[in-house]
1. Would you please list the contacts, defined by Cβ atoms under 7 Å and residues six or more apart or on different chains, that run from a residue in the range 399-415 that is in contact (Cβ under 8 Å) with a residue 12 or more places away in the chain and assigned by TED's automatic domain parsing to the domain that holds K372 to a residue that is part of a helix (DSSP H, G or I) and among the basic types (K, R)?
2. Within the range 284-303, can one find any residue that is part of a helix (DSSP H, G or I), of a type in the set (F, W, Y) and within 26 Å of H240 (Cβ to Cβ)?
3. Pick out, from the range 388-468, the strands (runs of 3 or more DSSP E) lying fully within it that include 3 or more residues that are under 20 Å from R150 (Cβ atoms) and under 22 Å from the mean Cα position of the chain (by Cα).
4. Looking at (1) over 28 Å from the mean Cα position of the chain (by Cα); (2) within 18 Å of G166 (Cβ to Cβ), which is the only condition G21 fails?
5. Could you go through the range 299-318 and let me know if any residue there is under 19 Å from R142 (Cβ atoms) and in the same structural domain as M137 (by TED's automatic domain parsing).
6. When V94 is evaluated against the numbered criteria (1) assigned to a loop (DSSP other than H, G, I, E, B); (2) closer than 22 Å to A177 by Cβ; (3) in contact with a strand residue (DSSP E or B) (Cβ under 6 Å, 6 or more places away or on another chain), which criterion, by number, is the only one it fails?
7. Output the residue which, of all residues in the range 314-348 that are surrounded by fewer than 19 Cβ atoms within 10 Å (Cβ to Cβ) and within 28 Å of S439 (Cβ to Cβ), is farthest from the chain's Cα centre (by Cα).
Amino acid sequence: MYYYLTDPEIKNIAVLDMTHGGIHIARKLKEQGFNVTGVDIYRTLSSEQFSALEMDGIWMSENHCSIGELDLMISPVHLYSDHIMLQHAKEKHVPVISHHKAVGEILAIKDAGDQPFTIEVTGTKAKTSTASLLADMISRERTVVLHTSRGLELWENGVCEMIHKGLSIAPGSILDAKDIAVSLGRNIGVYIFEISLGVTGYGDVGIITTLDMDYMIAGKTSLASEAKVRSLLNYSSNAHIILNESCRKTVEQLDITLGTENITTFCTADNEENISSDADYFLSMHRDGFSITSVKGCVKLCLADGYDAKSYITAFAAACATAFEIGIPLETINNTIQQFRGLQGRMQEMVEGGINVLDNSNSGMDIFSAEKALDLSLRRKRNVIMVLGEEAAQVCEGLPPEDVADLIGRRLVDMDELILVGERMKPLAIGNIHYAESSAAGRMRAMKLARIKRSDETTVILCVKCFR
């Protein structure tokens with residue numbers, strides 16, 4: 001496989017998009033001796049950030065820069081294809097690689113000869129849950145550093161410790177996460193990274209959880225699923241790829257030949273009657289657990305109470321398939337699943353002050369999971385107070401107001417009270433629909449309303465798209 005950053009002809013590099021991890025990439029390239037130009041194409045950097053980067057020896061520009069002396073351009077996969085810099089690169093035959101590939105190459109150079117076991121997780125849904133379950137399983141054998149939208153965590157013996165918050169899951173953030181982890185001075189056996197819009201190709205295992213509920217990127221000129229699948233080409237031939245079986249269609253449509261024969265597929269079903277799959281691992285849910293069928297036979301695992309297990313079906317399948325493939329003992333996998341009670345903000349049920357709460361506020365929350373939370377509470381035969389919306393400043397992809405309006409039109413009759421959160425939701429707060437400035441304010445108001453009503457017959461549902 002060809003690596004641009006080890007080519008002696010590559011000296012002058014432009015990094016496009018400082019917002020989504022580009023700062024980390026630019027600084028690492030400068031440390032490795034390259035002449036680096038940072039292009040703030042979204043114009044989101046403060047004057048202080050601009051000055052700090054220039055003091056580090058990185059020449060900074062807004063929107064575009066001269067391409068005359070460039071040997072390589074690094075661009076995010078979500079940048080629209082007719083951006084002036086990409087057009088000039090095409091005209092001048094300057095190679096362009098993604099942020100993902102650049103991060104993979106930087107790490108490969110940095111860790112040459114001493115590369116720790118690394119797992120990368122991408123996909124539309126279930127990334128955080130899959131990565132966290134894997135960290136829990138593996139940590140019972142080896143020390144794990146996990147980076148997800150929840151933060152940077154150190155896992156040992158099934159117990160996690162938060163060591164840093166504030167990094168995004170853009171590929172460039174991996175560079176900072178790795179530095180922070182190394183500074184701990186611990187003997188880290190495994191790194192697990194949740195990454196948006198693809199994998200870097202660094203390390204040993206790459207996972208795509210699902211491509212369902214696809215969406216457009218790059219100025220609505222391409223699908224996010226295509227970027228994720230194409231990123232698999234960043235892996236070397238000895239990497240192990242774990243794919244949701246549904247991804248195979250996208251691989252075929254893009255006419256991609258993956259550079260490894262180590263491909264494992266998984267799929268899921270709500271019950272055993274739906275079995276009709278050629279996947280290597282098939283997970284089927286039951287009332288109190290699930291079974292996994294493979295060429296090695298069928299194993300059954302039990303589930304704990306206290307959360308909506310069906311919401312984790314993809315994570316269970318992806319994490320268990322990966323664990324089996326990398327040699328985690330069945331007993332360890334089983335113990336982890338039995339002790340798992342959901343992740344905070346991901347369909348987790350709890351009781352607070354005598355009030356039933358279904359917490360589904362997280363960065364990946366969408367209108368489909370909000371409706372699923374509503375349906376779950378109604379099946380419990382409880383009245384519903386719902387907090388729904390977004391804290392837009394915290395997430396890249398918000399919750400479309402039109403989707404919220406559609407849900408209100410169809411399902412408001414199923415809610416006792418509805419509290420909307422987020423500036424974009426304000427116009428929808430009419431009649432008896434309440435409005436709150438923030439997730440915390442919405443939660444507080446919902447709990448107050450629940451105490452007025454019969455709290456034992458009421459569920460407060462929290463569905464705000466935000467980082468936790």
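1. Pairs that qualify, where the first residue is in contact (Cβ under 8 Å) with a residue 12 or more places away in the chain and assigned by TED's automatic domain parsing to the domain that holds K372 and the partner is part of a helix (DSSP H, G or I) and among the basic types (K, R), are P401/R424.
2. No: the range 284-303 contains no residue that is part of a helix (DSSP H, G or I), of a type in the set (F, W, Y) and within 26 Å of H240 (Cβ to Cβ).
3. On the way: elements: 417-421, 434-436, 458-465.
Because the criterion is at least 3 residues that are under 20 Å from R150 (Cβ atoms) and under 22 Å from the mean Cα position of the chain (by Cα), the strands (runs of 3 or more DSSP E) in the range 388-468 that meet it are 458-465.
4. (1)
5. No, because not a single residue in the range 299-318 is under 19 Å from R142 (Cβ atoms) and in the same structural domain as M137 (by TED's automatic domain parsing).
6. Of everything listed in (1) assigned to a loop (DSSP other than H, G, I, E, B); (2) closer than 22 Å to A177 by Cβ; (3) in contact with a strand residue (DSSP E or B) (Cβ under 6 Å, 6 or more places away or on another chain), V94 misses just condition (2).
7. The extreme case among them is R341.
Each row is one residue, and each column tells you yes or no for (1) under 23 Å from N12 (Cα atoms); (2) surrounded by 22 or more Cβ atoms within 10 Å (Cβ to Cβ).
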site: P76; (1), (2): yes, yes
site: L86; (1), (2): yes, no
site: K92; (1), (2): yes, no
site: I106; (1), (2): yes, yes
site: K110; (1), (2): yes, no
site: G113; (1), (2): no, no
site: P116; (1), (2): no, no
site: K127; (1), (2): no, yes
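The values are calculated or read from the model by the stated rules, or taken from the named source; none is laboratory data. Computed from a predicted model, the values in this text were never measured in an experiment. Neighbour counts are summed over all protein chains in view; Cβ atoms, including those assigned to glycine, are modelled from backbone coordinates with ideal geometry.
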